[in-house]
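Worksheet for the structure shown next.
The values are calculated or read from the model by the stated rules, or taken from the named source; none is laboratory data. These figures come from a predicted structure and were not determined experimentally. Counting neighbours? That spans all protein chains shown, and the Cβs are built from the backbone with ideal geometry, glycine included. Accessible surface is based on the protein model in full, side chains and every heavy atom, while ligands, DNA and RNA are left aside. Shrake-Rupley method; radii C 1.70, N 1.55, O 1.52, S 1.80 Å.
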Amino acid sequence: MEDSACSISQPWVDNDFCPAFRETIIDSVLPLLVILWSVTKVASVAFRYRRSRSSMYLPLKTSAPASYGAASTSDDSSDDVSEVTLHPYQVKSTRWTVYSFIRLLAFVSCYYYVSTFVSVYFGQYTKDPVVESSSFDILLMYGSQSLFWVYCSVLAVVSMSLSDQAKPVADAICDQLNGLYLLHFTVGLVDLHSYYIVHNTAEFPTGYSVALITTAISLVLLSFIIHEERFAPSEPVFTDSGRLMSSEGWASVYSQFMFSWINDTLKQGYRSTLQDADLVELPPNNRAKNVLANYRAHQKSGMVRSLAYTFRWPLFIQFLYSMVWSTVIFGPAYFLNRIVLFIEDRHSSEPVLTAYLFVFGLFVSSVIQSLATQQALYIGRTLGIRIQSIIIGEVFGKALRRRDTANEKKEGTDDEKKEEKETGNINNLLSVDAQKVAELTAYIFYSYSYPIQILICIVALYRLLGHAALWGVLAMLLSQPIMYKISKQFEDVQDELMSKTDKRLKLMNEMLNAIRIIKFFAWEREFRKRLVESREIELAAIKHRLYMFMYLIVGWFVVPILIMVVVFYTYTLENDLTASAAFTALALFSTFRQALEDLPFVLTFMVQANVSVKRVETFLKEDEVDTAEALKTHPSGVHIGFVDNASFGWAPRQTSGTATPVAPILNDLNISFPRGKMSIVCGPTGSGKTTLLASLLGETYNYQGTAVLPPRPARPTLTGNTGIAYVAQTAWLQNCSIRDNILFGSDYDEERYRKVLYMTALTRDLDILEYGDETEVGEKGISLSGGQKQRLAIARAVYSQAETIILDDCLSAVDAHTAKHLYDFCLRGELMRGRTLILVTHYVGLCMGGASYIVALDHGRVQAAGSPDVVLASGALGEELIQAKEQQQASKEEEAEEGAIPSVPKEAKVAKTGEGSKLVKDEARAEGGVALSVYATYFYASGGWIFWIAVVFFFGLTQATVVAQDYWIKVWANAYKEMGADAAVASLSQATVVLADWTASAFNTVSPGSSAMTAATFSTSPHHDSVDVTYYLGVYVLIGIGAIIISAVRLVILYSGSIKASRRIHSQLLDRILRAKVRFYDTTPMGRILNRFSSDLETIDQEVSPQMSFFLFSIVATIMVVVVIVGVTPVFLVPGSVISVLFWFIGVYYLKTSRDLKRLNAVTRSPIYVQFNESVSGVSTIRAYGAQARFIQENYVKVDSNNRPFIWMWATNRWLHCRVETLGAFVGFCTGFVLVMSRDWVDAGLAGLSLTYALNFTAHVLWVVRNYAMNEMNMNAVERVSEYLDLEEEAPTHIAATTPRATWPETGSIRVKDLVVQYAADTPAVLRNISFDVKPREKVAIVGRTGSGKSTICLSLFRFMEYTSGSIHIDGVDISKIGLEDLRSSLTIIPQDPVLFSGTLRSNLDPFDQYDDATLWAALKRSHLISNKASAQKQEEGGIATAEITLESPVTEGGKNWSQGQRQLIALARALVKKSSLIILDEATSSVDFDTDRRIQRTIRSEFKDSALLCIAHRLRTIADYDRVLVLDQGEVVEYDTPFALMNKEGGVFKQMCDRSGDAAELLAIARKGLESSSSSSTSTSKS
């Protein structure tokens, strides 16, 4: 073009830039502006570096640089995390690397431009009159480029010289150079394009040659520097976790785009099974602690807004990548069109090099759009783990601050519904909701990329087809309201499903927490029924969701087909469909269909994530505890206590509306506990003692006045030294060793530790335990007795450095002589001197001597408060003082039984490492491929052979519709042929398979093809008026409708099988869990079991079956593609075979590692839930100690352990896609290259078909690999569930041949002969050849020191432990030969730790609805839970007054709205209702005051007179009048006779116990009276 023909104001002329605009703006101004910006940037870095050097020089990098899209780590940290830990390392020298030298190539480009500039300046340059503009523009261009390359050359030299002395400056210079090379390469391509379209390769003017050479140099420079790792360390970097740092942060550009930095992990996984220790550490900006600190530093109103603002830069970078993908995705369609047009027009003057450039463009555009997609996806996954860390961290932190609403009294339906959102809901927030939001983040860019692609498609189609394209747009718009309505319904269904899942998990959690009591009472059947009913409701919701999902899928698949039919129909009414128009339209519709097909999946993710975010936000807005006012001294002079008539309650006080304000539980408190002294809080059961302590700690609602606490440190340390230690009434322990429980994050001080062991009477226990203080206590301290748990909790408090110790009735759980030891040596011991002690206790007489202050409570009010003398004078201690003598006597009796407590363990236990001391084993994971047995589990659960044959049949039928479409379009083509349109036949025939394949893929939930999957061409005959287009198009549409119907039927069958499998697998899993031996619960954390019932079951419910169908479709579709390609171009077998081998190798290489990472991810998920459940159950203790920071820190570690295998798993997934799709693009390149070479003889339609299917082949193979991998990953859920389907079960529940008679047992007689019991085959016997008899209706006491085997006998009676040898007969029936349900349902136990279930008082007393109200009410009265006096008496924790107690009184989860004493009385009432002939009492009165204890003892004697009774007790006075006493020692029977006989036995063990008690005479009198009473009773019985 001539100079006069263009100007800067007209930049684009004849499909190219105007020479003036190109030379002035692109080649001159743009480089100069970039140089100016670069100089500014380098100068800024140099200035900052010089300033930092003036103060101090830091030769080490603080951490790995953030990878692309990574958000920088904020320096701000919240109050509950320590400072961010970074890992400095020495960067290896980069001065003499090949990359430094290769940059010197800039001098070559500099030479070419400077010499050309000189020749232009002196008029020696020959101007190209068509491509180039004026001489001034040319001079300006070469002058700018000369300056550009001189600047690059100088920077190259400077960067090399500064690489060691001033590396930060050198690094900044190299970054600038890399950008400058990329800029020049891009500008060079623009110049080469301008020259090429004029000259091709016929001639090379000077400007053409210079542009070609310098662009090639830039390409060489870029090819080298993309491999440079400037920030790589000189030696491996180890983090604070002991792991190697991931190389992601310093990876080269090539490594980042191809994910080669994950190669080491893949190599390790391919060679051997990956273990957690093999995984490299996450980059600092992906670690939970840093992520949460960054989030809180950028927090806004609303979680979505906060997340968007925090991660705005990664989201922006993801946006850029997605825009590249959304535009370049049309490249393959464009280049395929040009290639086919080139082959079609054999007489074209276009040089063959142009066709080869189109082939190369096909390859490059395919690779670029693929790599851009992978980067966007990986940024999404990275943000996903960060957001999941944020949600888990926020929920966990909130749970540690949240008010425990379980203690609130629930009244009415609404409150009951609110209560249902407790534990199960919180678990779901972690296991489901966090995952849903993270999943959306991974794919969020699709939500705006697909609409952009759709818009581009519409514009392109309009330009191609005119107004016919608008008809298609209209059809799409008309379909949107229907799709919106279905989407809205799907959202509602999803919300409903989450609610149903919450309810099931709540029931499951409650059942697991009470599994022992369920087994004791043989209530498995009832709880199974409840869970199955809840599961059926959930399955109905799942079924509804799946069907709504199906409607959504079918609807979205119909829309693009409808659009295609409308557009082509309207277009062919007026126009001939030419080859280029048909080809381009089909390619655009393919992309259009791809976007419309995937958009509903993204919308589904958005819907689910929206529901989840709302649930999380609702939880985060819940009430938090109010910390008591921490003042050195209150203005009133109170150091710790209550002022201003303080009132408290467990429910919020309603002050607005018509609702009646909640009555406070505690009223008018004015208490000042003395500093450094012991204070006692006492009162009858239900008087509000526990509520008082909870109010002091801020756990209750403050209605009036103030609670005052001493000041806590301004910033608590990780050890939680807040100045307060708290022991709850029900001891809370962690699932770790005894020593770790005592230390509770504090440093180990051996002298202090040994003193604490003696002070808390743990020395004897350590002698008994095989592994001493290294023994794991199990979840909730399951391996310890109630007393041991309580003493361990006291030891934790005493060992701490806290100034204030708060103990809530902790002496009740231990026997009297241990209580006296705790008082003498612990509460009054040397480690407690000078510390403020507030003690709730019934042992007032025992502790009053050391108390400086006593508070007497009754009915929530202070009856008296002050010094012991003042309170004694008031008479408020009357009842407690009456009990003092009993307590003192009981202490002596129990000490006589147990003996003195040793000051140190008799045998120093060696701290053993390894698995021996671990009660809870690490979670196992399978290795290698998923076993066929796992597939068989799901295969048969979903319906077996018939079901899967039906699925395969309908897959085949779907493919038959594809063939039918192919056949019908060929018939259509023949119609044109018969009309004489021979020229159109070939291309139309080739279009048939492509169009049909494109349509058929719309019927499947997986899209195996790429956007360029359609390359066929066809044209219509100019005689289209003679062909009835309506007829042929109508039949084609009918076939399509048939295909949709068949596909829908296939989905219905598939989903019905999925529901069936979900129901059957859940049922089998539930049965196995309910039938598992008790030892399983001792060694398995509840969180681990819940994980099977939550996330694993969710995978089975919603993912396994559909993914199997996708995998099957991928295989069938791949086979079909191969058949078609080979039929058209048989030579494809050669490259196809080679490519298949490469695909197989890449797939296997990837799968081994991916499978292990998926399993590691699954295994590391459970500890998060375990810690969460553990922390929530002990949240009041954690808060009191101020240990929130340490627990949050541990949570960060567990979250990182879970995120680590997850993100590396997705990195390997991206690694796979990059290679497979690049390989696929290369296959297309090779195919196009061969087709261009064969231009003279190959048919254009065949060429398009062959090229399209060659690309489709790689896409289908990729989906086969990916679906196989996804299928294996999903089957891990089945595999993990299958592990529990093989649990060792208890004996059968019923044995028909030996079913005992209906009235059994009638008298409760027991005969034990030569009984030997072991915990396991390789452990010593716990009971050794025990033999004894219990006569009908006889009351037998079992005594002996701790560890003698008392509880084991009771467990053996219920067959919790199957005995090794010997026998037990009850009323003549050998209990080893009858069913467990028959046995356990006929016995009754009143356990030491009462367990209640959510529901009502009625459902707890009579879960099977077997008794009338009168019976239940009578049991409540006889158990003294309700009485005529104290009608307004209130319970300690929930405010349940006896006057308010009815059979419909609500019981919250775990019975938390009832006091410990009331729960024990309910357990007694439950036994009274059942009233079997054999009753076992396991220290059943340990948690009630002495007055209630006496009443219970009277009730036992009167109500159970017709039953045999086995009683484990430490108080000799309570059992002195029993019929007989069984004395055990070290698992053997030492003595067995009447108490009177044993007391008169010289040298007898029981006599020694009585003598040591100091009250042998009184005990002997009781025994004599009991013997006489028993004799007279026997005489009267025999007479009658």
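For segment 234-247, the candidate set comprises residues that are open to solvent by 20 Å² or more (accessible area, probe 1.4 Å) and more than 15 Å from Ser1201 (Cβ to Cβ); within that set, the residue that is farthest from the chain's Cα centre (by Cα) is Ser234.
Here Leu846 fulfils each of the conditions (1) in contact with a helix residue (DSSP H, G or I) (Cβ under 6 Å, 6 or more places away or on another chain); (2) open to solvent by less than 30 Å² (accessible area, probe 1.4 Å) apart from (2). Of everything in segment 822-845 that is outside any strand (DSSP E or B) and in contact with a Leu (Cβ under 8 Å, 6 or more places away or on another chain), the residue that is farthest from Cys810 (Cα to Cα) is Gly845.
Residue by residue through segment 126-159, note down the ones that are under 14 Å from Leu36 (Cα atoms) and among the aromatic types (Phe, Trp, Tyr). Correct list: Phe148, Trp149, Tyr151. If you take the residues of segment 276-300 that are within 20 Å of the chain's Cα centre (by Cα) and within 16 Å of Leu1160 (Cβ to Cβ), which of them is surrounded by the most Cβ atoms within 10 Å (Cβ to Cβ)? Per the stated criteria, the residue is Leu282. Residue pairs whose Cβ atoms lie under 8 Å apart, separated by 6 or more positions or on different chains, with the first residue in segment 335-352 and within 19 Å of Ala202 (Cα to Cα) and the second open to solvent by 40 Å² or more (accessible area, probe 1.4 Å) and modelled with pLDDT of 75 or more, are Pro351/Asn200; Pro351/Thr201.
Among the residues of segment 1101-1123, those that are surrounded by fewer than 23 Cβ atoms within 10 Å (Cβ to Cβ) and within 18 Å of the chain's Cα centre (by Cα) comprise Gln1102, Glu1103.
Would you call Phe1206 within 19 Å of the chain's Cα centre (by Cα), among the aromatic types (Phe, Trp, Tyr), surrounded by 21 or more Cβ atoms within 10 Å (Cβ to Cβ) and more than 30 Å from Met258 (Cα to Cα)? Taking the combined requirement at face value, the residue does not satisfy it.
Set side by side, the residues Leu620, Leu603 differ, and just one is within 30 Å of Ile444 (Cα to Cα), hydrophobic (A, V, I, L, M, F, W, C) and modelled with pLDDT of 90 or more, which is Leu620. Condition check for Ala522 on (1) surrounded by fewer than 19 Cβ atoms within 10 Å (Cβ to Cβ); (2) aliphatic (A, V, I, L, M); (3) not in a helix (DSSP H, G or I): one failure, at (1). Restricting the first member to segment 1452-1476 and to residues that are within 14 Å of Ile1389 (Cβ to Cβ), and the second to residues that are among the aromatic types (Phe, Trp, Tyr) and open to solvent by 10 Å² or more (accessible area, probe 1.4 Å), the beta-carbon pairs closer than 6 Å and six or more apart or on different chains are Val1473/Tyr1411. Of the helices (runs of 4 or more DSSP H) contained entirely in segment 1031-1102, those carrying at least 1 residues that are touching a Leu at 6+ places or on another chain (Cβ under 7 Å) fall at 1078-1083, 1086-1091.
Annotation: Glu229 fulfils all but one of (1) touching a strand residue (DSSP E or B) at 6+ places or on another chain (Cβ under 6 Å); (2) open to solvent by 30 Å² or more (accessible area, probe 1.4 Å); the unmet one is (1).
The set of residues in segment 248-260 that are crowded, with 18+ Cβ neighbours inside 10 Å and either without any contact (Cβ under 8 Å) to a residue 40 or more places away in the chain or on the phi > 0 side of the Ramachandran plot (or both) comprises Ser252, Ser255, Phe259. Filter segment 1383-1402 down to residues that are at pLDDT 85 or above, farther than 16 Å from Lys1475 by Cβ and open to solvent by 20 Å² or more (accessible area, probe 1.4 Å), then give me how many there are. Final tally of qualifying residues: 2. Between Leu837, Leu831, the distinction of being out of contact with any strand residue (DSSP E or B) (no Cβ under 6 Å at 6 or more places or on another chain) and at pLDDT 90 or above belongs to Leu831 only. Between Phe136, Phe148, the distinction of being over 49 Å from the mean Cα position of the chain (by Cα), under 17 Å from Pro19 (Cα atoms) and of a type in the set (Phe, Trp, Tyr) belongs to Phe136 only. Within segment 1271-1297, if we keep just the residues that are under 27 Å from Tyr1081 (Cβ atoms) and polar (S, T, N, Q), the residue that is surrounded by the fewest Cβ atoms within 10 Å (Cβ to Cβ) turns out to be Thr1293. Look at segment 855-883 and say how many of its residues are at pLDDT below 90, on the phi > 0 side of the Ramachandran plot and either in a helix (DSSP H, G or I) or open to solvent by less than 60 Å² (accessible area, probe 1.4 Å) (or both). So the answer is 2. Among the criteria (1) more than 19 Å from Tyr1081 (Cα to Cα); (2) among the aliphatic types (A, V, I, L, M); (3) open to solvent by 10 Å² or more (accessible area, probe 1.4 Å), the one Ile782 does not fulfil is (1).
Of the residues that sit in segment 1280-1294 and are charged (D, E, K, R) and part of a loop (DSSP other than H, G, I, E, B), which one is farthest from Ser1095 (Cα to Cα)? Checking each candidate, the answer is Glu1290. For Tyr1149, indicate whether it is in a helix (DSSP H, G or I), at pLDDT 85 or above, open to solvent by less than 20 Å² (accessible area, probe 1.4 Å) and farther than 30 Å from Arg338 by Cα. So Tyr1149 does not fit the description; no.
Taking the criterion of being of a type in the set (Phe, Trp, Tyr), open to solvent by 50 Å² or more (accessible area, probe 1.4 Å) and more than 21 Å from His1066 (Cα to Cα), the only residue of segment 930-955 that qualifies is Phe953.
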